[in-house]
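The values are calculated or read from the model by the stated rules, or taken from the named source; none is laboratory data. Since the structure is predicted, the reported quantities are computational estimates derived from the model, not experimental observations. Methodologically, a virtual Cβ is constructed for each residue, glycine included, from the backbone with ideal geometry; neighbour enumeration extends over all protein chains shown.
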Amino acid sequence: MSIDKAESVKYETFTQEEYMIMKDDLLRPIEKIGIGAKIWIGFLTAVFLAGVFAYYLQETRGKYVTTGLRDYTTWGVYISNFLFLVALSLSSVFMSAILRLTNFQWYRPLSRIADVISLSSITMAGICIMISMGRADRLHHLFIYGRIQSPIIWDIIVVATYFVACVLVLFIALIPSLSTCKNHLHNLPKWQLKMYDILSFGWEGNAEQWKVLKKTVLILTVLIIPLGIALRTVSAWLFSTTLRPEWDSTNFGAYFVSGSALITVATMVIAVYAFRKIYNLENYLTEMHFDKLGQAMVLMGFIYAYFNINEYLVPAYKMSGLHENHLLDLFVGEEALFYWSVVFFGIAVPSILPLFRKMRKPLPLSIIALAVLIAGWFKFYLIVIPGQAHPLLPIQDVPETWKHYTPSLIELTIVAATIAGTLLLVTVFSKFFPIISVWEVAEGKLEGKEEIINYK
Amino acid sequence: MKNCNWFMVTCFMLLFSMATSFAQDKEAKITLTFEKVDSLNVCKALVVSDGVPVKDVSVKLSVKRLYSNLPVGDAIATDSTGVATFEVPQDIPSRNGKLFIFANISDDEVYMNAEASGEVNWGTVVVSDNSNVKERSISAGRNAAPIYFIVSSLLVIGLVWGFLIYAVLQVFKIKRLGSAN
């Protein structure tokens, strides 16, 4: 294979002193685990194990006894949590792939954080589906007896495919960093060093390897965008392909994708804030990133607001009989406080507050992002659950408990466990691998110096 | 005094139940006739007791369905000739065109419960068009998915997984390029 000599020289520049300092900064979090990190990991593990135990109770005692699910509300908090986790899993699309392809240089320190969040959340989202099914041992029946015409089958296929794509996107871009870990980290257990050696796949950093790696990363970056959009859209189609008035909407796919975009920006703000503070990465995750993420939040907030207007105000203008019960319930009925809180914190706050420069500083923006995430979780709850209480045929002569859904303690524990599981995977990853891609940042320092170094 | 009240209530209940049971002691017999009147399906229920037609007795008409009887309109009282006249709808579905029609007296104050039934050819035969049941469609079973749907789905899935497998192969190529040097 003939390799351009100039290209080869360019890759060699990674070994300069600037790169060495950067490498030390970015590898430091792997070398030592503080007491705080141990407590945090212990806490997340405890919550996750509590969820495993709750799931054991659910499966042994039966769903009717252990959950609030009844004949009318058959999709409860597991499904709304699944939608939230799928939204998080698009971080790789919105906070890495799109920025990478459109040459926004500030993506470089963020890309791996986004990829890890994507992989962790899609893993937990897949688990959520199985928990919701109730009979995980029959999962393979979906493939044996499933109909290709069914959105449920599309969902299973796209979740599995997206999971594999996330693994590859994360892993292939990680190979040079694994080699860096192998060569520069010494005070680690033998098995860990052996793991770096095996996973680095004989990486030497020669020009041919760089060429193959960059080409593959580019292909996967292009692939993951339609795949992520398909994942989110199919999740929306699970609802919109039904005739239930609250879900029967042609707007649902785009509405869900736009919501995910906003949630991924909020997630990245919190993740960047946490890693910056805990791992002392202020030189790499700078205030510039918060400024950019704040601007992105405003943009995504307005797009999401636009789709919300389509989703709620257009049916409200017509107020047909089928929609009336549900919409009045949300606007002025028993869900009103809940609904307007979600609109305020989940749409109005992220669309308006970060317009002001002071609100795009790390702490204020992180507080806004936290509000957006909490509101985002409840938004999916409002999409999935209240609609089921208004079936096409009126509810008559049924026990009172069937009319209203309240998640049980077991359901809430399992949901908390999936969130804790996502955080645990991200945390454990950051303790074994560089959470910021050393080579991508180094490359950015060399190629996009003006933008990154001279920003303020 | 309190015990006396209870005694009085019990006596009244006993007397009431005895009176009702004696009052319902009379037997009644229903005879059903079916006729076409000006293209209408008319069913007449004649109620006689001790050989005498009785008037003002509520008769209910119903038609047998799969699990239970479907009421046909409201109950109608017999006239002075002891006949209750019902118009039977002409669009009641039936498998072979036959309908089992029931007339009954129930909970009457004077007469005991009575029932009569008859078979008549007034049903509308429903012909189900199942000719398309084996056609391929979105709503069909897994073995009858539309060909275009299967082909396009497999193409998309194959294309995406093709890229993913290609990416995995590139990882091994990276390893090979490392060991070659």
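Name the residues in the range A:33-75 that are outside any helix (DSSP H, G or I) and more than 23 Å from A:Ser120 (Cβ to Cβ), would you?
A:Gly62, A:Thr67, A:Gly68, A:Leu69, A:Arg70, A:Asp71, A:Tyr72, A:Thr73, A:Thr74, A:Trp75
Name the one entry in A:Ile263, A:Ile270, A:Ile303, A:Ile229 that is in contact (Cβ under 8 Å) with a residue 40 or more places away in the chain and within 14 Å of chain B (Cβ to nearest Cβ).
Numbers: A:Ile263 fails: within 14 Å of chain B (Cβ to nearest Cβ); A:Ile270 fails: within 14 Å of chain B (Cβ to nearest Cβ); A:Ile303 fails: within 14 Å of chain B (Cβ to nearest Cβ).
So the residue among A:Ile263, A:Ile270, A:Ile303, A:Ile229 that is in contact (Cβ under 8 Å) with a residue 40 or more places away in the chain and within 14 Å of chain B (Cβ to nearest Cβ) is A:Ile229.
Would it be correct to say that B:Leu164 is over 19 Å from the mean Cα position of the chain (by Cα) and facing chain A (nearest Cβ under 9 Å)?
yes
I'd like the residue in the range B:147-158 that is more than 8 Å from chain A (Cβ to nearest Cβ) and under 42 Å from the mean Cα position of the chain (by Cα) and, out of all such residues, is farthest from A:Leu223 (Cα to Cα).
B:Ile147
Any idea which of (1) touching a Ser or Thr at 6+ places or on another chain (Cβ under 9 Å); (2) within 30 Å of B:Ser17 (Cα to Cα) is the one B:Leu61 doesn't satisfy?
For B:Leu61, the failing item is (1).
Of the conditions (1) modelled with pLDDT of 90 or more; (2) facing another protein chain (nearest Cβ under 8 Å); (3) closer than 30 Å to A:Thr216 by Cα, B:Asn181 fails just one. Which one is it?
In the conditions (1) modelled with pLDDT of 90 or more; (2) facing another protein chain (nearest Cβ under 8 Å); (3) closer than 30 Å to A:Thr216 by Cα, B:Asn181 misses (1) alone.
Within the range A:68-89, track down each residue that is of a type outside the set (A, V, I, L, M, F, W, C) and surrounded by fewer than 21 Cβ atoms within 10 Å (Cβ to Cβ).
Result: A:Gly68, A:Arg70, A:Asp71, A:Tyr72, A:Thr74.
When the range A:353-388 is examined, which residues are found to be more than 28 Å from A:Asn280 (Cβ to Cβ) and in contact with an Asp or Glu (Cβ under 9 Å, 6 or more places away or on another chain)?
Selection gives A:Leu382, A:Ile383, A:Pro386, A:Gly387, A:Gln388.
Any residue in the range B:54-68 that is within 14 Å of chain A (Cβ to nearest Cβ), assigned to a loop (DSSP other than H, G, I, E, B) and over 30 Å from A:Tyr162 (Cβ atoms)? Give the steps one after another, and end with the answer.
If we filter the range B:54-68 for residues that are within 14 Å of chain A (Cβ to nearest Cβ), which is where we start, we get none.
No, because not a single residue in the range B:54-68 is within 14 Å of chain A (Cβ to nearest Cβ), assigned to a loop (DSSP other than H, G, I, E, B) and over 30 Å from A:Tyr162 (Cβ atoms).
Which members of the range A:32-85 meet the condition of being in contact with a His (Cβ under 9 Å, 6 or more places away or on another chain) and acidic (Asp, Glu)?
none
Filter the range A:204-221 down to the residues that are touching a residue at least 40 places away in the same chain (Cβ under 8 Å) and under 14 Å from A:Ala173 (Cα atoms) and list them by number.
A:Gly205, A:Trp210, A:Lys211, A:Leu213, A:Thr216, A:Val217, A:Leu220, A:Thr221
A:Leu424 fails exactly one of the following numbered conditions: (1) crowded, with 18+ Cβ neighbours inside 10 Å; (2) at pLDDT 95 or above; (3) farther than 26 Å from A:Ile79 by Cβ. What is the number of that condition?
Unmet for A:Leu424, out of (1) crowded, with 18+ Cβ neighbours inside 10 Å; (2) at pLDDT 95 or above; (3) farther than 26 Å from A:Ile79 by Cβ: (3).
Could we say that A:Ala207 is aliphatic (A, V, I, L, M), at pLDDT 95 or above and touching a helix residue (DSSP H, G or I) at 6+ places or on another chain (Cβ under 7 Å) here?
So A:Ala207 does not fit the description; no.
Say whether the condition of being modelled with pLDDT under 90, within 14 Å of chain A (Cβ to nearest Cβ) and outside any helix (DSSP H, G or I) is met by at least one residue in the range B:128-136.
yes
Looking only at the range A:165-181, which residues are of a type outside the set (A, V, I, L, M) and either more than 23 Å from A:Lys32 (Cα to Cα) or within 12 Å of chain B (Cβ to nearest Cβ) (or both)?
A:Cys166, A:Phe171, A:Pro176, A:Ser179
Being outside any loop (DSSP other than H, G, I, E, B), of a type in the set (D, E, K, R), surrounded by fewer than 17 Cβ atoms within 10 Å (Cβ to Cβ) and outside the structural domain of B:Lys64 (by TED's automatic domain parsing): is that true of B:Arg176 here?
Working: outside any loop (DSSP other than H, G, I, E, B): yes; of a type in the set (D, E, K, R): yes; surrounded by fewer than 17 Cβ atoms within 10 Å (Cβ to Cβ): yes; outside the structural domain of B:Lys64 (by TED's automatic domain parsing): yes.
For B:Arg176, the condition - outside any loop (DSSP other than H, G, I, E, B), of a type in the set (D, E, K, R), surrounded by fewer than 17 Cβ atoms within 10 Å (Cβ to Cβ) and outside the structural domain of B:Lys64 (by TED's automatic domain parsing) - is met.
Which one is nearest to the other protein chains (Cβ to nearest Cβ) among residues in the range A:182-224 that are outside any helix (DSSP H, G or I) and surrounded by 20 or more Cβ atoms within 10 Å (Cβ to Cβ)?
Restricting to residues being outside any helix (DSSP H, G or I) and surrounded by 20 or more Cβ atoms within 10 Å (Cβ to Cβ), the top hit is A:Phe201.
Check whether at least one residue in the range A:343-357 is hydroxyl-bearing (Ser, Thr, Tyr), out of contact with any strand residue (DSSP E or B) (no Cβ under 6 Å at 6 or more places or on another chain) and at pLDDT below 95, and report yes or no.
no
Among the residues in the range B:107-121, are any out of contact with any helix residue (DSSP H, G or I) (no Cβ under 9 Å at 6 or more places or on another chain), away from every other protein chain (no Cβ under 14 Å), without any contact (Cβ under 8 Å) to a residue 24 or more places away in the chain and part of a loop (DSSP other than H, G, I, E, B)?
Yes - at least one qualifying residue is present in the range B:107-121.
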